[in-house]
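Student: Sending over a structure as structure tokens; questions will come in a sec.
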Amino acid sequence: MTTTIALVTGANKGIGLATARQLGARGMTVLVGARDAARGQQAERELRAGGADARSVPLDVTDEKSVAAVAELVEREYGHLDVLVNNAGIIRADGSALPSETTLSTLREVYETNVFGVVAVTNALLPLLRRAPAARIVNVSSEVGSIAVMTDPEGALFALTSIPYPSSKTALNMVTAMYAKELRETSIKVNAANPGYCATDLNHHSGFRTAEEGAEVSVHLATLAPDAPSGLLWGYQMDAGGGYGVLPW
Ligand code: NAP
């Protein structure tokens, strides 16, 4: 039987680490993408101690050479890839996070990781994903990327005004929809995940959900059945009172 291979970017901590743990618990071989080798190895040890078949791979999604090296490693050692979770992400803001205070350097920095990094990693690995019987691509997005959610005056997020992180996730949503369209005649499904507000380093642990709960969303989308939809933003629905479902763009 062929081993199911999953790659999770930014998997050394937070939601990515929890996603790697949960995919490993389902019997997948999990490649733990980490831009810092020592942090990746620490995560690998932790996952292995929990029984997962985990292997850390150096991967900075903003570094073309690093992305190419991971694709070469997967090709050489496994010959295909079943699951790609584009999880690595950063949040930055200038001043009081108002549009009028936003600098282009901050905007570029966030887009490099949250948008360009996803396209770079996906394109490098797509030939290997096409070789799997039914590959799944999960782009970890956010409800703050939903224009409908962010502009609803009655919604919980209406007070947020920041451009860099929310608009990078809006771009990621469109990236997701366009890959799903390109791949609609194949067995590959591409969806965006909304983990919900999870306590991680990203938000100084202010989230009300756990990283493990956030990871459930990515794992659900990474293990979708053949008749499941592609090209959706799916996950935690804060404005609908919790629970999981499709979110509006
Ligand atoms: P986190 O704990 O800060 O983890 C982020 C991960 O991404 C870390 O492993 C980090 O590595 C990695 N990373 C950052 N830049 C990278 C790069 N250039 N190349 C490779 N890896 C990189 O944050 P998190 O909350 O788990 O976030 C995971 C994903 O969930 C992100 O896409 C985030 O936008 C999304 N999300 C989070 C929440 C939430 O409430 N937490 C809500 C919605 C969506 P280092 O350790 O080296 O920094």
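The values are calculated or read from the model by the stated rules, or taken from the named source; none is laboratory data. These numbers were taken from a predicted model, which means no experiment stands behind them. Note: ideal-geometry Cβ built from the backbone for every residue, glycine included; neighbour counts use all protein chains shown. Just the protein is used for accessible areas: all its heavy atoms, side chains included, with ligands, DNA and RNA removed. Shrake-Rupley method; radii C 1.70, N 1.55, O 1.52, S 1.80 Å.
Student: Counting only heavy atoms of protein chains, what accessible area per residue, in Å², does the chain have with a probe of 1.4 Å?
Tutor: 46
Student: Give the lysines whose C-alpha is closer than 19 Å to that of residue 181, dropping any in the same chain fewer than 8 places away, or say none.
Tutor: Within the straight-line limit of under 19 Å, residue 181 reaches these lysines: 169, 189.
Student: Under a point spin-label approximation (7 Å from Cα along Cα-to-Cβ), what is the residue 148-residue 246 distance to one decimal in nm?
Tutor: Calculated label separation equals 0.9 nm.
Student: On a 1.4 Å probe surface of the protein chains, which of 3, 113 comes out largest in accessible area, and what is the full order?
Tutor: So, going from the largest accessible area down, we get 3, 113.
Student: Okay, next question. Using amide H atoms built 1.01 Å from N in the peptide plane, name the residues 5+ places from residue 85, or on other chains, whose amide H lies under 5 Å from its own.
Tutor: Here 7, 8, 9, 138 satisfy the definition.
Student: Quick check on the chain: helices-only [θ] at 222 nm, where DSSP H runs of length 4 and up contribute -39,500 (n - 2.57) each and the sum goes over total residues. Nearest 500, please.
Tutor: Here the helix-only value at 222 nm equals -12000 deg cm²/dmol.
Student: Considering only DSSP states other than H, G, I, E and B, which GluC sites (Glu not before Pro) in segment 93-159 qualify as loop sites with at most 16 other Cβ atoms within 10 Å?
Tutor: 154
Student: Sticking with this structure for a sec: If packing is taken as the mean number of other Cβ atoms within 10 Å per residue, what is the order of 64-71, 25-32, highest first?
Tutor: Descending mean neighbour count gives 25-32, 64-71.
Student: Give the distance, in whole Å, between the Cα centre of segment 1-78 and the Cα centre of segment 214-233.
Tutor: Computed from Cα coordinates, the inter-centre distance equals 19 Å.
Student: Measuring from centroid to centroid over Cα atoms, what is the spacing of segment 135-164 and segment 173-188 in Å?
Tutor: Cα centroid of segment 135-164 versus Cα centroid of segment 173-188: 20 Å apart.
Student: With the cut-off at 1.5 for a/c, could you classify segment 160-235 from its C-alpha gyration tensor as rounded, prolate or oblate?
Tutor: Here segment 160-235 falls in the oblate category.
Student: Could you please state how large a percent of the accessible area of the chain is carbon and sulfur, counting protein chains only and using a 1.4 Å probe?
Tutor: 55
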